Structures are given as structure tokens and as C-alpha cells.
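Encoded as C-alpha cells, here's the structure I'll be asking about.
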């Protein structure tokens, strides 16, 4: 058997530090490890299930810590690999509200039939990498480029319940059969003794899994003869039974779990008093002392109706707290879901028709959702949802075939099939050497307290870095979008600094000068890093290999539509390359004054959408007592008020709103209220979530731009300043939704398979209903709406609706 991580830690303390165990209860120990070794898990909502080469994969990443929002990580990463194992892209993003958004452009010349997405945080790398998010995504290729894989060998594994067989005790043995690509294979066969005596027959019950019961006898060896119906008859050995010991048998039922513990007559004394512990998400939910002094078996039950839904680990320990057997079961009390409703307010499946859907929430809790609307005729993967990922797949090692099916209903057969998954995907081997030597795994990566940083270290050349006890470094930071910021930093005693007051994307140009120390500026070299993981993980082909997600795409009728779209896109690109335009007529639309001001004043993450106000030409602004009073009632959800202490406060949807003057964050509102409104040129209110925030950004931002704002010149112009480039988070571009409401003479063919994608739809008590509008493409006659997300209580949702 192999322990889950938290039980491994507990046993180290139990075996090596018995005095600690006597002074602390197991639940206290378990809580300590829950706090220190919290486990994160990831789910990705993709905008669709199958992509063409050259497509953009749009992603919303959800990150959870146990059953709630995580506080361990500020940054998240996704590595994309090709089928040859080569890294295609390494992406990074800040974590906001336990989530993030990213996109990946599939190369136009990509020839593989899938790409692999590996997602993780730095904190997750402290633990077993087999629990990182690992998903294969199908890529549609021309039919001539797809090579059918040859039939492969079937592999059969056995899993005695609890981890081992014991002589003389009837036990359940689960089995799993799959081919070399990992796809389940159905088999049938018989159980025989070593001399060929027939004991029983067996067959798979579901997706290559099944079980049988038998009682192993002393000095006997058992084999099974089986076939998959294609490769002839084969023989496999059942694991050998221990001569004495104890077993754990579990029968999960609705609201309870029956258990039976048996020991052999000749079991040593440490098997006559034992302990049974049940835990979920590193929280102990049940503990019982087992007395088998005068009997060899005990039958009882554990009430599970109040337990959180998910995988429950039951571990049997002997008298000395040495683990004897372990079994995992799935508890499903259905409390993990909430159910938004989708109503179609406006529908048109005609070419370029406008559609509007309304999402209504069942409660007033804050919720974080993502919405994808695609062509309804395309293949759709219903198996890898936020429910199946967080509740099943992220908790188990190995490939789980069609995990979403086990949560699709309440039928007893689904519960039985899911229990087969538990029996065949549990942990099966204890790391005794590490346990007995007391090797507690060290945390290589601490919990993150900040997002991306600018870290710097001074390497002086021909000049002592002690020429100034604590040099002051002036920095001018310029983004790829020409946004600029100036700051001064004090180098510490080790001639280094770490600056974490902002978030930047793509890349950052850093020019620097040491204040009043020209020699250090000329001869001292600053080396910078961003504090992120900047390279993809080193993984093997075996780590990436998964069963083909949707088999050969072109053998499925649902792929006819995506093949047509692929062909039409190829024709369109070829036509564009051949056409030479004799005359180009450019029609421009005169920009409004407020658009011109937005282009003039805003930069970086402050540019783009928002509520925009030309203060210069607004008579109401000129007569307002202050700029915040002017904004009252002009921005839905933005509220200017005062605390009971009289201190001013600005909120958006009940969350504190950040205020910037010339894109510099203001701590407190006094400076803002003291501004003369006549000195302000332009104001912009950016709705939540504001991704330029140094915090969560849930209260949005108000950016104020002064008419004649001047910038302190900290940098000398005596010589060319040293310059360095620093990579930022992966840039994110907005998903393009065409607007066909206005007639135009130049409309290109529209074969978009994703019609609408919004990774951040936020709701709360003041916004329980959200309306989303979009336009149809040229061909779709059926649309699929998919919503995923979680709320502040850690409950999950996955809902679908067809518009037809």
C-alpha cells in the first residue's frame, strides 16, 4: 500500500516521535498538516473541446485549496506540449479570486492530433507531480494526415481491497484492464488454483473494471485465465496472500458506510486492538478504536450523511499506529453544487443574428463564472467538468475514463461503477524507508505572498558596492505598450531589492541609475528577475501520454462541421494570398473627444473598456465639490460614502475600489478629495475585475488624469542609462465578438466555432442577473451554452443549454 501525503506525514511523527502522539490527538496532528501542507488542485474551462491548428485555445483556470479558495499561490502556470514531448509554450498568469485567464495560439503548421496542457502552481511542485493538472486536447487535422494506431496489447492489474490479501479471510479483488494507450478494455475469464482447479468466472462490469471475491488458502498460488476477445487467452497471477494479519472491507451506501474488519486467529497482539480513521481533504471526520481481543471480526458503520462530498480515505492502524489497510470511497451528499439558470432573452439563428442570454443566480453569494458559447453541432467533451475534476480526477493518480459520467445521476449502478474507480485507483505501497528514517519532505517552495516581482541584485565592476552604505536606485519602468512608471528603491545590506507593487504583462524595459552615485551607475551592473517560474517543466513522454481524448476525430459524425470549418478557413487564406487589390478605399469614423482623451492619457491595463468622462468639457464637473461626488450616480454599482468614523470610502459591488492619479495608486482618498476638479482632464472607471490592481481587483478602479500633471525627473541625462529587459506574465488579448448590428459593405466570411467567451462573469447580491449578447456566425443552426464556476462557499456549478 502507498499512503496519501498527509498520512505519510502523520506516521513519521507517530513512529519517530511517540511522545508527541501521546500529547496530541490524531485529529490535532492532521489539522497541523492540513495547515502546513495544504493541497491545491486545478481545473481548466476551455472554450470548446476540439480545435483546429491555428486556433486560439481560450482558458479559465480555477484553483482550489481543499474545498475553498486558495491562499497559497499568487501565480499559476500552464505548459503546452506537442505529441512529440516538445514544449510548445510556457504561460503564466496572476491568480485573482482563485482563478486566472490565459490563451494559447496553436501553431498553424502543427501536425499533431492533440496537445497536452500541464497546469500547476509553484506550491504544487512541493508534492507529487502526478497530481498536477494534465489534460489532452484534440486537434483536428486533414483526414489524410491522421494515422490510425494499430491495436495494442491489453494490460491487466489486480487490486485487493484494503491493499493486500490475507490467508483464510474472504476478500474482494478489483481489477482493471486497459490497452497500451490507457483506454479501457473489456475482458472475461476464470479464476483457478495453481494446479488448474476452477474456482469462479469473472467479467468486466464497466470500462475495463470489475471485481470478484475468493478466499485465499495457505501455500496456494492463484491465476486467472482471460481474454479480451482479440488477442487470445492469457494468464496472470493474483497477488500473493499474507500468512496472517487483518483486512478492511467497506460497503459504501447512501448516508453511511458499512465496514468489516477481520483478523486471522494467529494474528499477533498488535492486531487485537486497532484504530480506524476516516479523513477527507486532510480533515479527520471519524475515529474509532477496534477491539478484537476476544473475537476475529467486527462489523459496524460510519455515518457519512454530514460529511463533505468527495473522496473519503479510511485507514486501519494496528495497536502501535502502524498502517495495516487502506480503502477510499466516494461520498456524495450533493451539497457541492449551486444551479444558475439560463434564459434566452433574444434568439436568432440566422446568419449574423443577435442572441442574448440571461444568467440568474439562485442566491446572493459572490460567484465567479466563465461562459462559453459554441456551435452546437461540434463534438463536446461532457466528461471533464469542474465537478469531475475537483471531486474525482484531481484526487486520484492515473487516467480516469469518462469521470463526468459518475456524477451525471443518482442511479445505484453509477455509484457501483464509481466505487470500482475507488478500488482500482487507491494508494497501494507504503514508503517504509522514509517513514522509519523520519524523512519529512522539506518544502522547496513557500506559500506566495506577492504576484510578479522585480528582484534586483548589484554586481559591481571595479567599484565597491559599499561606496554607499545603502544605495538608492532610481528605476524607470516602460511596458511593451509604452506605459511608464518611475520609482526609487533602497538597496538592502546585501545590495539587493524586491519590488512587488504592480503587475505587468509581456515584458518590461528597466532603465536605472544610482542616486548621486555616477560611478556605481557606470560600473555597477544590476541583474533582474521576476520571481516567476520562467521555463516549462521537464516531463517525460510517459507523463504526457494519455488515451486519445475523443479517438480518431474524423470517424465521428460530429466532426463533419469542424472539418467543414477547417476547409473553409483554408480556402479563405488561400484566396487572400492570391488576390491583388487594385484600389483600397479606407473609410474612417471620426473619433469622439472622449475617445481621443482615452488614447492620450491611458496606457497599459488602464486602456480599453470602461466608463469614460471628459471632465474639461462637462459643466457639471466644473461645479462639483470634488471628483468623487461628480461620479455619484454616473457609474452603476460605484458608491461613494463614509464610514461611521467619517472616513471616506469608495466601493464597487461592496468591494473597495482603488483610485489612481496619473496611474499611480493612492493610499486613502484624502489626496483625491483635495484635488481641484478644474485641474482634472479625464476620469475613467474600470469595472471589476481590474487586472492592473496590486490586490484582488474585485472593486475595480477609478483612474484620474490631471490636465498639466508633471513628472519628477529622477534620472540624469548625462549618459545613456543602463537598460535591462524583464519578462512579465503572459499577455492576454480580449476575445473578439463581432458587432453585426451596424450594416457594412465589407463583411468577411465568419466560420467561428466559438461565438462568445467570457472568462470572468461575476455576480453578487446586487447583481444576481447578468445578460450576455453576441452574434451568430454564417452557418450555425444550433448553439451550446456552457457555464462553469464556483462561489465564495466553495460550491461548484456546471450547466449546459442548447439554443436551437
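If I take R0 = 60 Å and measure r between the Cβ atoms of residue 155 and residue 294 in this structure, what FRET efficiency does the formula 1/(1 + (r/R0)^6) give, to the nearest 0.05?
Values: r = 45 Å, r/R0 = 0.75.
Calculated transfer efficiency: 0.85.
If packing is taken as the average count of other Cβ atoms within 10 Å, what order do 607-614, 384-391, 678-685 fall into, highest mean first? Each step should come with its number before you reach the end.
Working: 607-614: 16.4, 384-391: 22.9, 678-685: 19.2.
Packing proxy ranking, top to bottom: 384-391, 678-685, 607-614.
Using packing as a proxy for protection, rank 73-84, 223-234 so that the peptide with the highest average count of other Cβ atoms within 10 Å comes first. Working shown, then result.
Details: 73-84: 21.7, 223-234: 14.5.
So the peptides 73-84, 223-234, ranked by packing, come out 73-84, 223-234.
Another question about this same structure. Between residue 734 and residue 322, what length in nm is gained on full extension when 0.36 nm per residue of separation is reduced by their alpha carbon distance? Write down the numbers at each step before the final one.
On the way: separation 412, 0.36 × 412 = 148.32 nm, distance 5.52 nm.
Roughly 142.8 nm would be gained on extension.
If you don't mind, there's one more thing I want to ask. Applying 1/(1 + (r/R0)^6) with R0 = 30 Å to the Cβ-Cβ distance of residue 781 and residue 108, what FRET efficiency is obtained, to the nearest 0.05?
Values: r = 28 Å, r/R0 = 0.94.
According to the calculation, E is roughly 0.60.
Tell me, what is the FRET efficiency for residue 128 and residue 651 to the nearest 0.05, using R0 = 41 angstrom and their Cβ-Cβ distance as r? Before the final figure, lay out each step's value.
Working: r = 42 Å, r/R0 = 1.03.
In this case the efficiency is close to 0.45.
Once the mean 1/r over all distinct Cα pairs of the range 165-237 is inverted, what Kirkwood radius in angstroms do you read off? Spell out each step's value before the answer.
Working: mean 1/r = 0.0772 Å⁻¹.
One over the average 1/r among Cα pairs gives 13.0 Å for the range 165-237.
If you average the sequence gap of Cα pairs under 8 Å that are 6 or more apart and divide by the length of the range 165-237, what percent do you get for the contact order? Walk me through the numbers on the way to the answer.
On the way: 140 pairs, mean separation 25.4, N = 73.
Across the range 165-237, relative contact order equals 35 percent.
Gain in length, residue 671 to residue 622, computed as 0.36 nm per residue apart minus the alpha-carbon separation, to one decimal in nm? Show your work: numbers first, answer last.
Working: separation 49, 0.36 × 49 = 17.64 nm, distance 1.83 nm.
The span from residue 671 to residue 622 would gain 15.8 nm if fully extended.
While we're on this one: Rank-order 780-793, 339-352, 392-405 by packing density, defined as the average count of other C-beta atoms within 10 Å over each peptide's residues, highest first.
Numbers: 780-793: 20.6, 339-352: 13.6, 392-405: 18.3.
Ranked from most to least packed, the peptides come out as 780-793, 392-405, 339-352.
What distance in nm lies between label points placed 7 Å from Cα along the C-beta direction at residue 339 and residue 181?
With each label point 7 Å from Cα toward Cβ, the separation is 3.7 nm.
Residue separation times 0.36 nm, minus the C-alpha to C-alpha distance between residue 632 and residue 792: what's the value?
54.8 nm
At what distance in angstrom do the alpha carbon centres of the range 367-381 and the range 235-274 lie from each other?
46 Å
FYI, it's all coordinate maths here, none of it is from the lab. If you're wondering where the values come from, they're calculated on a predicted model, not measured in any experiment. Every residue, glycine among them, receives a Cβ derived from its backbone with ideal geometry; neighbour counts consider all protein chains shown.
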